[in-house]
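Let me give you the structure first, and then I'll get to my questions.
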Amino acid sequence: MRRPFIAGNWKMNLDRASALALAEGLAKQSKGLDGVDLAVCPPSVYVDAIGRALAGSNVALGAQNVYHEANGAYTGEVSVAMLRDLGCKYVILGHSERRHILGETDAEINKKTHAALAGGLLPIVCVGELLDEREAGQTLDVIRRQFDGSLAGVSEEQMGNIVIAYEPVWAIGTGKVASPTQAEEVHLALRNLLQERYNKGVAEAVRIQYGGSVKPDNATVLLAQPNIDGALVGGASLKVDQFMGIVAGLTK
């Protein structure tokens, strides 16, 4: 049985005071919680402070991005070792906003994935189609291309340390949500890709999150799907009650 995993992506939001208050609230509300993994991924400038606020809690720390080189003259970038030094456990890679706004390619995401694995970070690797790609019936082709490119060269053993997040781009921050049937179809396709590349054991073990306007009022039905193992939450992760409301959907 795959252990559910709910992660919050705070994106470029909050100031230091509100970020700390949010972290402290989540640490308090998650006390004694069992049967689910939780994480939050704050903006890089707040990672250290949030890590301190979450210390000893049930909420793990993650980052929103990382650079693939270990060190050097890469102004503005952050290395795997730096994030590990601040207590990060996870890192989001290939988020649709980095793919489609900042122009990241599958090849770049693949380099970051290998760097994260080598340095002891657990990657949350994102895949997902644009609205025009879905309307053209290309969803599964896009997912396969991103899966193949972003995870190229990942061994069976390494795959056990990766989480995949399916994020239909048309559902991120729009209020639109993939129906449970639409989401489950892609999650099942991803599971089949894992079995095709590796084996049934790997396919059954890897956790696949759904991301795209997840809120407490739709989380229960989404998380009830057999191949949806959690959520990568955007806007709703910025409020304690909404994030924990999503977590509560796992127990309904």
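Please compute the length gained on full extension between residue 192 and residue 138, using 0.36 nm multiplied by the number of residues separating them and subtracting their Cα-Cα distance.
Values: separation 54, 0.36 × 54 = 19.44 nm, distance 1.69 nm.
17.7 nm is the gain from fully extending residue 192 to residue 138.
Relative to the present Cα-Cα distance, how much length would full extension add between residue 174 and residue 49 at 0.36 nm per residue of separation?
Here the answer is 42.0 nm.
For residue 230, which sequence-distant residues (separation of 5 or more, or a different chain) have an amide H within less than 5 Å of its own amide H, given hydrogens modelled in the peptide plane?
Placed amide hydrogens put 5, 210 under 5 Å from residue 230.
State which entries of 89/200; 11/112; 31/89; 31/111; 89/111; 28/111 exceed 30 angstrom in Cα-Cα distance in the structure shown.
On the way: 89/200 26 Å; 11/112 18 Å; 31/89 19 Å; 31/111 36 Å; 89/111 18 Å; 28/111 36 Å.
Long pairs (Cα-Cα over 30 Å): 31/111; 28/111.
From Cα coordinates alone, what are the radius of gyration and Dmax values for the stretch 5-251 in angstrom?
Answer for the stretch 5-251, Rg first and Dmax second: 16.9, 48 Å.
Where does each of 32-43, 204-215, 228-239 land if you order them by average Cβ count within 10 Å, highest first? Walk me through the intermediate numbers first.
Values: 32-43: 18.2, 204-215: 21.4, 228-239: 23.2.
Averaged packing, sorted descending, gives the order 228-239, 204-215, 32-43.
Quick check: residue separation of residue 217 and residue 31 times 0.36 nm, minus the Cα distance between them. What number comes out in nm? All intermediate terms of the calculation are to be shown ahead of the outcome.
Numbers: separation 186, 0.36 × 186 = 66.96 nm, distance 2.27 nm.
Once the chain is fully extended between residue 217 and residue 31, it gains 64.7 nm.
Pull up all non-local amide H partners of residue 8: gap of 5 or more, or a different chain, and H-to-H distance under 5 Å with H placed in the peptide plane.
Residues meeting the amide H criterion: 39, 40, 41, 233.
Over all distinct alpha-carbon pairs, what is the Kirkwood Rh of the stretch 157-252 in angstrom? Please list the in-between numbers first.
Numbers: mean 1/r = 0.0734 Å⁻¹.
Here the Kirkwood hydrodynamic radius works out to 13.6 Å.
For the stretch 5-251, with only Lys/Arg (+1) and Asp/Glu (-1) charged at the beta-carbon, what is the dipole magnitude about the Cα centre, in debye rounded to 20?
Here the stretch 5-251 has a charge dipole of around 500 debye.
Moving on to the next point. Could you name the aspartates and glutamates in cross-link range of residue 215, using Cα to Cα under 16 Å and dropping any fewer than eight places away on the same chain?
Hits, sequence-local ones excluded: 167, 229, 241.
Along the charge dipole of the stretch 63-214, pointing to its positive end and built from +1/-1 on Cβ of Lys, Arg, Asp and Glu, which listed residue (123, 163, 82) has its Cα farthest out?
The listed residue farthest towards the positive side: 82.
Readers should treat all values here as calculations from the given coordinates under stated rules, not as data from a laboratory. Just so it is clear, the model here is predicted, and its values are computed rather than measured. Because the Cβ atoms are built from the backbone with ideal geometry, glycine has one as well, and the counts that use them run over all protein chains shown.
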